[in-house]
Structures are given as C-alpha cells and as structure tokens.
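Working notes for the structure below.
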Amino acid sequence: MAVAVAKRRQTRGLGNERVREALVGYGFIALPMAFFLLFFIVPVGYAVYISRYDWQIFKGPYVGFGNYRHLWHDSVFWTHAVRNTLVFTAFVVPLEVALGLALAVVVNQGIRFRGFFRAAFYFPSLAASAAIASIAIYILASDGLFNTVLNHLGYHHNNAWFTQESTALPSIIGLNAWTTSGTIMIFYLAGLQAIPTDVYEAAAIDGAGAWRTFWKVTFPLLKPAHFFVLVTSVIGALQMFDQAFLIGGASGGPNYSTMTMVLYLYNQSIKNISFGYGAAIGVVLFLFLFTVTLIQRLLFGKPEVA
Amino acid sequence: MDTEQLPPVAAAEQLAHEGEAAKGTPAATGIPGRERGERIRTAIAYVVMFGVAALFFIPFLWSVSTSFRTLADTVAGFSLLPKHWTLSGYREAFHTFNFGQYTLNSFIIAGAITISNLFLASLGGYAFARLKFPGREALFLLVLGTLMIPDQLRLVPIYLMLVNWIPSWVAHLGWHNASFINRNGVIGIQLVSAASLFLMRQYFLTIPRDLEEAAKLDGAGYFKTYRKVMLPLAGPAIAAVTILTFQGAWNGLFWAAILLQDKSQYTIPIGLANFHFAYQTLWPPLMAASVLAILPVLVLFIIFQRYFVAGVAASGVKG
Amino acid sequence: MRKRLIFPALLAAAVVASVLAAGSQAKTDRAAAPKVTTVTLNGWQVSPAEETKLQSVVSTFNKTHPNIKIDYSSITGDYQAQMLAKFAARKPPDVFYVDVADIRDWVGQGVIQPLNSYVKATKFSTKPFYKNLLNAFKVGKNYYGFPKDWSSLGMEVNTTLLGNNPVPKTWAQLRSVASRINVPGGKPICLSADWARMMAFVYQAGGSGQWKDATTAPFRAAVNFYVGLIKDGLAATPDKLGAGWCGEAFGKQKAAFAFEGNWMFPTMQSFPGVKFTTAPMPKGKRRGNLAFTVSYSMSKDSKHKAAAWQVLKYLVGKQGMQQWISLGLALPTRVDVHAVPGRGAFIRYPSAVHGWGAQKGFRHIWNDVANNELTAVIAGKESVNEMLQKIAAAAR
C-alpha cells in the first residue's frame, strides 16, 4: 500500500513537489525573516546612512566619511575604548569558560542534590544586571562586605573597587565572569551529557586517574561544546554594556578605565549629542565583530552547521 | 588530535562508538581501603562544593539581609544580620515605589516576548531544519549574523523608526496616532531572536526523519507535520527557549529604559533605578526589590532545569 | 498526552497577552479628557521628598487653573538620554527641567522655545530674578528658560574635630588648620575629583571659569592648590575615605572639612549626632563660588505653547516658587521669595557666585574630559599642565 502511494507521488512530478516545498518553506520563515529584516538589517542600513552626516539630534549637512576620519584620529577611542574591550575579552573569556567548565564537571558527577547545585551555580546568571550591579557596588564599596572580610583576613584594602582606576576594570571582569559562568556551565553540562558513561568506565579500567581522565578523555570529547562556548562568549564579551554602564557610568569610570567600545558608542551618541558619530562607531564595531567571527570560523571550522 | 596518543583513550572511544559493550563492566573495586579513601574524598568534595555554592549565594544572602534592615542600619557599622529586623524595605518598595505595578509590567512584557519567540522560532527553526528552499543556508547565516549587531548600534535607528516611519506606515492601514514608544514597542522589537531560532533549528535536526516520513505517507501536509509531530517532540528545546527568552526579557534594561515613557509601564530593572538618588541610595527597598525580582526566574528555572539542559544539548553543543 | 495541549495553550496565552497589552493601551487613550489642555511636565528628583513636594505644587496649580491640567512625571535614570530621545522624535514634554550644563547645547540644537514673546505678551516681570542666574539661561537676546531654584557651595566644618582651631577663612588658613587637625581613620579635608567643586577655587584664584581659558595662570594656581592638599596628605577623595561622595564622608566623620552645597542639610539628617557648622567658601585672591541651577523651559515642538507658558509662569512665579522652596532643599531664585532659614553661609557673598555651566559642549567636556583628566592627575599619572592643555583643546 505504502509503496503504491510512494510510486504515485513519484510519477506526479518531482518539480511540483519541490516548488511546493520551497513555497511552504518561505511561508514558514516569512514572519521571522520579516522581523529580522525590519529590526536588524534595516537599522544597520539606516545607521550607515546616519553616519554619513553631521547628525546631532537632527539631520545635518552631508560629511561623507568625515565621521570615520574623525574616529581614526580619536585617541580616546583607540587608547581606552578599544584597549579596554580587548583586555576585558582576553581575560573574561578564559575565566568564565574555565569556571563554567569546572562547575559543569562537578555537577555532572553522580552526586546528590544535583538539582540544587545546578540552580545555585546558575543563580548569578538569572539575576538582572541592574540588581547585580547595585549589589556589587554595595558589596565592593570601600567599607563594604568584601573589604570587611579582607580586613579580617589580614589584607587591608581601603578603597572602593569600582572607583579606583587600577581595580575598576578587573573588578568588572571578575563580576562578569561570575555572572556568565552559570550559562557556560549549562552549555558544558549539555555537552557532557552527550558523552556516554562507558567512556569513563573504560578509562577507569585502564587505570587513568580523575585528572588524567578529564584532560585526555573528557576535554577532547567536548570539542563541539568548546567551539560553541568560545564563539558565543567572545561575541558576548566584545559587546558587554550593562555592567560597564551601570557601574562606571556613561563616562567610562575613573579616567576611562571602564569605557568599552559599545559604551563609547552610547556616550558619543547621547552625551556628546552626536548620533552621526555614534553611528559611525557602531558600523566600525559591527565590522570588527564580523571580522572576529569570520576569523573564528576559519580557525575552528563551522560549529553551527550540524 | 591528542586522542591517538594514548591507547587507553582510543579504546575508550571505540567502546563509546560501539555503545553497549562496556556498560556491564563494574569499576575497579575490591582493593582494601580504597572504599574508605573514596568516601573521605567524596566528603571533602561535597564540602568544597557546598562552599563554592555558598560563595555564589553570599551576595544574595547579603542582599536579603540588607532588605530587612532600616536605612540607618546600612550606614552604621558592619553586622551580618540586621540589628532590627523590619519589613519597611519591602513596604517602601511596594507603596512608595509601586513595585507591584512594575512586576506586572515585567510579566506582561516577558510573557509576550517568550510566547512570540516560541511561536516564530519554532516555525522558522523547523523550516531551516527540514524544508528545502533556495537560499536556505544563506538566509540562516543572515539570521546568525544578527547576533553581531550590537543593540547600541540599533538604538537610534530603531527609535527613529518607531517614532516616525512605522506610525506612518500603519496609518495607511487605518491605525492612526499609533505610538510604539511604550510597552508594545518593547515587545514588538523583541518578537524573535536569532538565539531562539538557532536552538529550535538545531533541535529539530536531531529528530529522526522516520517520524516525518511516516506522517507524510499518511498524507499530512507540512504544517500538520510541524504541529502534530515535530512540536510535541521538541519539549526540551521549548523549555530551553522558554527559560532563556523569559530570563532575558525579564531582566532586560536597555530597550525598556529608552522606550517606556509612562511610569505606569516601567519594568523592574527600570524600577530599581528609582532607588538611586543623587545623594543617597535607599539600600533596603532596593535590595528588597532585587530579591523579589529574582524569584520568578528562579522558579521557572527550577521547574524546567532538566529539559533546559537537554534542549541546549542539541544546539550543536554536543556536535 | 500533555504535549498535545502545548500548542493550543501557547496560542491561548499569546492571545491573552496581546489582549492585555492592547487593553492597557486603550485605557490610556481613553483617559485624556477633552476641553482641558493637558501640559506635560518632566523633571528629575534628587530625593523622594522632592517628588512629593513637586506633586503638591502641581496639584495646587491644577486646583487653581481649571482649564489646564499638568501631567507630571519624573524621569529616572539618564535624563539627558531620555530627553534627547524625545527631542529626536519631536515628541518632547511641554515644560521640563533644563540643567545649566545642558542649556547651551540644547538651545544650539534648536529644541528650546525662546520665551521673549510670551514674557512681553503676559507682562511677566523678570526683575525679581537674580541677574547671574537669569543670564545663565539667556542666549543672545532671548530667554530660554527661567531658573527654578539654585544651590551653591559652602564649607562644612565638623566642630568636634575642629577643636579649638578657628574656622578658616582663606586658603592659607585652610591649609594651616588642616595640618593641625587629626581625623581618626580619615583625612582633614574631603575633596571631590570633580571640576564641579574645583571650579569654585578657580574663581577664587581670579580665573574666568571658561574651559577655553584652562591654561591660564589662575586655573593652574587653583588646581595646584587643590591637588596639592591631596598630595600633602591633608585631603583625600571620598572613595579613599569609604564614601561615595564628600557629603557621606563628612557624615561618617571621616573628614573634618567638606565643600558641598545646601543639599547637605537633608543629607546630614541621616547622620544625627555629628556636630557641624557651615561657613562660606574660603577666599583665595578673591571670593568665588558656583551656582548650580536648573530652569523650567518650554520645548520648541510643544503643541500647547500658550498653556505651557501659563504653567511655566506659575512654577517660577512668586506663589509656585514659594511653595517649592519651603521644602528647604534649594534656594529661591527670586528676591521676593524667602529661603528657609539657616542657609546664610551659602548666600553671604552673592556677587562672588558664578553660574556653573552655560558654555557650549559643557557637559561633555566636564564629564568626559575634565573629570577623567583630574582623576589621572590626582592619581599621579598626569601633570597638571597636561590636563589643562587637554581641557582647553577640547573647548576649542
């Protein structure tokens, strides 16, 4: 019966079937693609348009690449915004990935209260950045909980961690690694669950200790997870805004120490009342992110195409 | 890569591929004293883990403690627990600062965005996973590319679009004096995200084709297959998208801060800014509000945890 | 079985959500009543007490003006960002606060309504206003707003820590008294790394207070004096004293001297038991002080300009301002409105008070250039001259 049906389908004409499938396909993606077009692609185009004008609040005279030329010579952008963004990413990504991986490995053991630990470690990722920032400022104030504990341990630190130029960015790095580690843990947990238990048992039979098992068995088998985690965390880190804005303010903290590229975009658009210049920064940032992603794909292959 | 270097590991991989062979083999035991060593090690491991979990919890415990203090207590000397326990922080948050309204608004916005995401992402994800149409790969890469567009870049264009262009377009359709600088606008610009679509697509890819073939043979059209076969099987992916989208929308500050003008529409993150004044921060109600803000997402997570991890697993994280 | 219900459940929930959203939108549309002109008023609040006070001023107006209704809401968070967004959308509030640091830029952008025609038409008298404050909002020949209140700086002195020493009146006296005082766990003086305080010292050194003159001698003298106090261990910035700002440091008794404004009075209520007094700012070459003021202005794109003018006129008029000032947070900008007693130290030398702001690109230079460079100088990373050159360059 099924064979007869299948044969009839075949003789009807493969061309029609393919066309129908394509039309249905377009039908299904019509709404999402329209949305992405309207709220992602069109705004980028509009931003490029805005960046070609001396556009403050309202459209001004045409300046061609003037905004970009100005950006090229903007020392605050290069010596602070770009540098801080790169430093931030270079430190926060390894930190949060290592932390997330460690937590995932721990939670993945056949331990009791697994659900509790999973929730506990994911907790910081759940909270709103506005709440986390307020709590962090409170705890890391010069007479806050953190310093009080340090004092009891014998290390006297009298400054507020976020308002001192040398410790502002490192503190945000630590805070961000802490809040993102939960999400990374979930990703690695998913990856770990895909590794069959036999692998561990086999390694145990061959006498491999816990550490060796991890490095020589688990770690390599997590390759797909590594790619995914690396790509998402780098892209996320390069665009970190919330915590820098809430903690350091739109001016970038003490002596620009917490000024990142996206914060600079916001700062120039709003504080310097220059939508055109801000748009130019945004376009440059987008091209930068695009390039970084391209390099990652070339280096590591194509992680997202299954 | 390095797996070739060590024979035991290669053997392990072999076993992994073959599956069942090694399952029955017990771990090495019978060595005297080893069990007690294991128990001690396990106990230490638990202590360490509880310690780390405590570290993760401490900031929140501290906020909870602060939420039960009076304002004077927060500037007085350090004490672990409040000197005088009081509910004034919570009362202030609800009465003076209208926190109840903010919570409702957050629910409406996060709920609408989550439902919309589930609907659109699953439609799109299914199409990208199972349907063939010209330009499919290119369009999918385009969707992923949107992850590289910073929100701050879209800020001015989207704002100008919402204020000028879109109201004039819908006016042609008969809806005059439309305004999107409000809750509807915040929902409207977050109807679907590339991350949700990606998750759904990856998960659909892992569903065996036989079920679809069977449905096709029974004469089901594409939409019916989607509705009756794929969606019901996509439980973990749905859970993952639900948690991630709800959490993101619930905690989202950026668009809400720009687009919400009327105080009656403010969401919780904006409301938290209410407690910061130029010369003073009202810590107790701020901490009370922060504590309350975490509860809904925490509950959601606890309920859906297991499905969440499984759903994320299929997003290419497991290869 | 459960899984089959997912889709219809989701659909139902989606419908409910959109109905809720649409419903609340419709409610707000229905709320606006015809025949009465609604004027939108926006501002920001420095404390909950201010919010309540302004709301009572608004309701007094609403009761006495049956044809006009003020719809007031305060903007939390980034006021400049919100206002810029509204200007760009051409949907600004009718009447709103304008900080003196923003007035020049916003007038330059063409979003503020010049008020001369309204002043003339309603015969509104500008005579009762203090000249300095009034001129801060005058660009060319036009008034672009009227000052609603102002604050200036004073010197707060912790009398317990001062001991038998006299209250310093000059720079030299400040230095010598500070070196004789011991503050346990703190420093004698709290100085903010903020030009919004240091500029007062620039005026005291005889400077012009204009960013473009940053490289002139009075600027250098003032900065050297200010930073010198820190470098010599007689002063520290608030974050080194365990506080977010000098008012808090003073309240926690980590400093004996602070230079803050009349907002210290409500602040010090959170620190009962601290014995303190207020004195005028010390004298350098001459006296100098800053006036921080905010205006009520009207938007150029307002659709109810006549009604908005009535609101504006009332709020900066004798009755409206008297009600507002009774809160005791800020000082009145009219001679016929009486300040809350006890503010004498701040207004003893009115001729020495200079408006803070009212220059082009002011806020940007202040926050993004001047203050960042000052932080670098205090940390020893930059020389005073380098900072002043950068500031002057930014002002060009």
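A few comments on the model shown:
- Of all residues making up region C:101-137, the number that are of a type in the set (Lys, Arg) and closer than 19 Å to residue C:363 by Cβ: 1
- Scanning region C:333-353 for residues that are over 14 Å from residue C:296 (Cβ atoms) and buried (at least 21 other Cβ atoms within 10 Å of the Cβ) returns C:337, C:346, C:353.
- Residue match in region A:230-242 (condition: within 8 Å of another protein chain (Cβ to nearest Cβ), part of a helix (DSSP H, G or I) and open to solvent by less than 10 Å² (accessible area, probe 1.4 Å)): no
- So residue C:209, is it open to solvent by 10 Å² or more (accessible area, probe 1.4 Å), away from chain A (no Cβ under 13 Å), in contact (Cβ under 8 Å) with a residue 12 or more places away in the chain and on the phi > 0 side of the Ramachandran plot: no
- Checking each residue in region C:338-392 for being assigned to a helix (DSSP H, G or I) and away from chain A (no Cβ under 14 Å) picks out C:344, C:345, C:346, C:350, C:351, C:352, C:384, C:385, C:388, C:392.
- Some residue of region C:41-59 being assigned to a strand (DSSP E or B) and open to solvent by 20 Å² or more (accessible area, probe 1.4 Å): no
- Condition broken by residue A:112, with the remaining ones in (1) surrounded by fewer than 22 Cβ atoms within 10 Å (Cβ to Cβ); (2) modelled with pLDDT of 85 or more satisfied: (2)
- Residue within region C:255-268 that is under 30 Å from residue A:162 (Cα atoms), within 14 Å of chain A (Cβ to nearest Cβ) and of a type outside the set (Ser, Thr, Tyr) present: yes
- When residues of region C:172-191 are limited to those that are touching a residue at least 60 places away in the same chain (Cβ under 8 Å) and within 24 Å of residue C:290 (Cα to Cα), the one most open to solvent (accessible area, probe 1.4 Å): C:173
- So residue A:87, is it touching a residue at least 40 places away in the same chain (Cβ under 8 Å), surrounded by fewer than 18 Cβ atoms within 10 Å (Cβ to Cβ) and in the same structural domain as residue A:166 (by TED's automatic domain parsing): yes
Conditions tested, residue by residue: (1) touching a helix residue (DSSP H, G or I) at 6+ places or on another chain (Cβ under 8 Å); (2) basic (Lys, Arg); (3) under 30 Å from residue B:294 (Cβ atoms).
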| position | (1), (2), (3) |
| --- | --- |
| B:202 | yes, no, yes |
| B:208 | no, no, no |
| B:211 | yes, no, no |
| B:216 | yes, yes, no |
| B:224 | yes, yes, no |
| B:235 | yes, no, yes |
| B:243 | yes, no, yes |
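- Those helices (runs of 4 or more DSSP H) lying entirely in region A:115-201 with at least 2 residues among the hydroxyl-bearing types (Ser, Thr, Tyr): A:129-139, A:165-193
- Residue list for region C:367-385, restricted to those being charged (D, E, K, R) and within 16 Å of residue C:212 (Cα to Cα): C:368, C:373
- With respect to the conditions (1) out of contact with any helix residue (DSSP H, G or I) (no Cβ under 8 Å at 6 or more places or on another chain); (2) surrounded by 20 or more Cβ atoms within 10 Å (Cβ to Cβ), residue A:143 falls short on a single one, namely (2).
- For residue B:305: the one exception among (1) open to solvent by 10 Å² or more (accessible area, probe 1.4 Å); (2) of a type outside the set (A, V, I, L, M); (3) within 7 Å of chain A (Cβ to nearest Cβ); (4) touching a residue at least 12 places away in the same chain (Cβ under 8 Å): (4)
- For region B:247-266, the criterion of being touching a residue at least 12 places away in the same chain (Cβ under 8 Å), touching a helix residue (DSSP H, G or I) at 6+ places or on another chain (Cβ under 6 Å), open to solvent by less than 20 Å² (accessible area, probe 1.4 Å) and not in a helix (DSSP H, G or I) is satisfied by at least one residue.
- Looking across region B:265-274, the residues that are within 11 Å of chain A (Cβ to nearest Cβ) and at pLDDT 80 or above come down to B:267, B:268, B:269, B:270, B:271, B:272.
- With a requirement of 2 or more residues that are buried (at least 22 other Cβ atoms within 10 Å of the Cβ) and under 21 Å from the mean Cα position of the chain (by Cα), the helices (runs of 4 or more DSSP H) lying completely within region B:128-239 that satisfy it span B:183-188, B:194-205.
- Residues located in region B:63-100, provided they are touching a residue at least 12 places away in the same chain (Cβ under 8 Å), within 11 Å of chain C (Cβ to nearest Cβ) and assigned to a helix (DSSP H, G or I): B:71, B:74, B:92
- Condition met for residue C:159 (open to solvent by 40 Å² or more (accessible area, probe 1.4 Å), touching a Phe, Trp or Tyr at 6+ places or on another chain (Cβ under 7 Å) and not acidic (Asp, Glu)): yes
- Exclusive hit being touching a Ser or Thr at 6+ places or on another chain (Cβ under 8 Å), without any contact (Cβ under 8 Å) to a residue 60 or more places away in the chain, more than 8 Å from chain B (Cβ to nearest Cβ) and of a type in the set (Gly, Ala, Ser), set A:160, A:141, A:128: A:160
- Of all residues in region B:160-174, those that are under 24 Å from residue A:59 (Cα atoms) have Cβ atoms under 9 Å from Cβ atoms of residues that are of a type in the set (Val, Ile, Thr) and part of a helix (DSSP H, G or I), 6 or more apart or on another chain, in B:160/A:50; B:161/A:42.
- Those residues of region A:221-243 which are aromatic (Phe, Trp, Tyr) and either under 30 Å from residue B:256 (Cβ atoms) or outside the structural domain of residue A:92 (by TED's automatic domain parsing) (or both), in sequence order: A:228, A:241
- Any hit, region C:112-133, residues being in a loop (DSSP other than H, G, I, E, B) and within 14 Å of another protein chain (Cβ to nearest Cβ): no
- One residue stands out in region A:192-216 among those that are hydrophobic (A, V, I, L, M, F, W, C) and under 15 Å from residue A:102 (Cα atoms): the one that is most open to solvent (accessible area, probe 1.4 Å), namely A:211.
- Residue, modelled with the highest pLDDT, within region A:271-305, restricted to residues that are hydrophobic (A, V, I, L, M, F, W, C) and open to solvent by 70 Å² or more (accessible area, probe 1.4 Å): A:287
The values are calculated or read from the model by the stated rules, or taken from the named source; none is laboratory data. Because the structure is a prediction, the values reported are computed rather than measured. Cβ coordinates were reconstructed from backbone atoms using ideal geometry, including for glycine residues, and neighbour counts include every protein chain displayed. To get the accessible areas, we keep the full protein, side chains included, count just its heavy atoms, and leave off ligands, DNA and RNA. Shrake-Rupley method; radii C 1.70, N 1.55, O 1.52, S 1.80 Å.
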